[in-house]
Amino acid sequence: MSLIGTLFIGLIVGWLARWLKPGSDKMGLILTTVLGVAGSFFATYAGTFLGLYQPGEPAGFIGALIGAIVLLYIVGAIKARQD
């Protein structure tokens, strides 16, 4: 998958992860988008490096979504600890 494709999928994944994650988040749209893109990049390249799936497979989208949700939980926990 190209860099632009991964970035676009990351935008969608970030919004979808925020919608799927239970509880209220006080993160803005920009932080959610950045976390989605980061989760997408991590899941895409880590999954292909480990041989779990090939670029462009639907499993990559699911992996990116799970990665974004995990990042949302981590950042939410860090922000809650600071407050």
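Laboratory data are not the source of any read-out in this text; all were calculated from the coordinates shown. Computed from a prediction, not measured in an experiment: that's the story for all the values here. Every residue, glycine as well, gets a Cβ built from its backbone with ideal geometry; the counts of neighbours run over all protein chains shown.
Looking at segment 16-43, which of the residues that are among the β-branched types (Val, Ile, Thr) and surrounded by 16 or more Cβ atoms within 10 Å (Cβ to Cβ) is nearest to the chain's Cα centre (by Cα)? So that I can check it myself, show each step before the final result.
First, the residues of segment 16-43 that are among the β-branched types (Val, Ile, Thr): 30, 32-34, 37.
Pick out the ones that are also surrounded by 16 or more Cβ atoms within 10 Å (Cβ to Cβ) and you get 32-34, 37.
Working: Thr32: 9, Thr33: 8, Val34: 8, Val37: 6 Å.
Here the answer is Val37.
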* To do: Pick out the one residue from Val70, Val13 that is buried (at least 20 other Cβ atoms within 10 Å of the Cβ) and without any contact (Cβ under 8 Å) to a residue 60 or more places away in the chain.
  => Val13
* Structure fact -> Taking segment 44-61 and keeping residues polar (S, T, N, Q) and either over 24 Å from Gly76 (Cα atoms) or exposed (fewer than 13 other Cβ atoms within 10 Å of the Cβ) (or both) leaves Thr48, Gln54
* Asked: Do we find that Thr6 is surrounded by 12 or more Cβ atoms within 10 Å (Cβ to Cβ) and touching a helix residue (DSSP H, G or I) at 6+ places or on another chain (Cβ under 6 Å) in this structure?
  -> yes
